[in-house]
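What follows is a short report on a single structure.
The values are calculated or read from the model by the stated rules, or taken from the named source; none is laboratory data. Computed from a prediction, not measured in an experiment: that's the story for all the values here. Ideal geometry is used to build each Cβ from the backbone, glycine not excepted, and the neighbour counts take in all protein chains shown.
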Amino acid sequence: MRVFVVVATGNAPKVLAAIQAKNYAYYTVKSDVWLVAFDGTTRELAESTGIRSGESGPGLTCLITGYSGRLPKEAWEWLGVHEVRSE
């Protein structure tokens, strides 16, 4: 699986509902930012969640190819379970 950051720039509850409706594994970083496990491209994730069309709301999907920082232990554990690999 690839891991993406999804940022809702509007209508965060609807973007989250779209992620949940697809049964994608995700971790909530904050109310409008999620880490999402998805086996596809950034465009495919944006299309499948309705971000690209604007159906769910505006936002951004970014593939994670490396990471560093400070997050709760649960976030690091979630990342550890999902393989981070480049496109």
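Side notes on the structure shown:
- Restricting the stretch 57-87 to residues that are basic (Lys, Arg) and in a loop (DSSP other than H, G, I, E, B), the residue that is modelled with the lowest pLDDT is ARG85.
- Selection count where residues are surrounded by 16 or more Cβ atoms within 10 Å (Cβ to Cβ), of a type outside the set (Val, Ile, Thr) and assigned to a helix (DSSP H, G or I), scope the stretch 15-56: 5
- Residue in the stretch 1-8 that is part of a helix (DSSP H, G or I), out of contact with any His (no Cβ under 8 Å at 6 or more places or on another chain), surrounded by 12 or more Cβ atoms within 10 Å (Cβ to Cβ) and at pLDDT 95 or above present: no
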